[in-house]
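Reviewing the structure listed below.
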Amino acid sequence: MNHFECSRCGVLNHKTVVACASCDWPLQLDAWKSSRHQLRRLSLDTSCVNAKQANPQINLLERWAVEGRVVLERSNVFLQELKGHSRQAKAALIPPHPAVWKLGIPGQSELGITTMLGGADVGDEVKTVMFPTTTTVNRNQMADVDHIRDHVMTGSHAFVTLNVNDFTRHGKQADLRRRGIWVFTPLEVTQLLVELYSWDA
């Protein structure tokens, strides 16, 4: 496949371009350095619930969130996946993604107040990227897909996970990135943010 649809605006881009031809959304890492877009809204995977403050990179993201440098968000399926009181309590402190605007739905039909225009529903496409050899995905795999679906539909900038097997290995990270879906580990995203904005670590 040589052309990929931008998850932000739907335009087809060749796999070699550095940014979307229509919306200028970065499609390669170097494009962030000169992009008018900023990397600020981060969707967290359930693997990043840092209940014991044991992960230094997630600790750093949480500090930056307190300082207003980034916004950490969670998907609709986030709380459903978690087990254990301490993890559930920590996860409940993470703000949910903003609701997607839906005509005629109470509380979701006033654009710009509590809702936003949604991005594309990339669920089926993402499922193929993440689980290419799986005919029927299981509950946990479908939750992974739903994390990315919510992330894209609510316009978040990057998805952060420690689950490298499902989200980044075997070319998955690059395949999602060509579609404008940025997936990082906590170490990768903190290193990039320090490089881009000279933040203290």
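The values are calculated or read from the model by the stated rules, or taken from the named source; none is laboratory data. Please read all numbers here as calculations on a predicted model, not as lab measurements. Note that we place each Cβ from the backbone using ideal geometry, even for glycine, and neighbour counts take in every protein chain shown.
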Would a scan of segment 75-90 turn up a residue that is among the aromatic types (F, W, Y), modelled with pLDDT of 80 or more and buried (at least 19 other Cβ atoms within 10 Å of the Cβ)? yes
For A54: the one exception among (1) under 14 Å from the mean Cα position of the chain (by Cα); (2) at pLDDT below 95: (1)
Counting only residues that are buried (at least 16 other Cβ atoms within 10 Å of the Cβ) and either in contact (Cβ under 8 Å) with a residue 40 or more places away in the chain or β-branched (V, I, T) (or both), give me the helices (runs of 4 or more DSSP H) lying completely in segment 114-194 with at least 3 of them. 123-130, 139-153, 172-177
Do we find that H157 is under 14 Å from the mean Cα position of the chain (by Cα), of a type outside the set (G, A, S) and at pLDDT below 95 in this structure? no
So, in segment 57-74, of the ones that are crowded, with 18+ Cβ neighbours inside 10 Å and assigned to a strand (DSSP E or B), which residue ends up modelled with the lowest pLDDT? R74
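Residue-by-condition table, conditions (1) closer than 19 Å to V71 by Cα; (2) of a type in the set (D, E, K, R):
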position: D121; (1), (2): no, yes
position: T134; (1), (2): no, no
position: R139; (1), (2): no, yes
position: D146; (1), (2): no, yes
position: D150; (1), (2): yes, yes
position: N163; (1), (2): no, no
position: T168; (1), (2): no, no
position: L187; (1), (2): yes, no
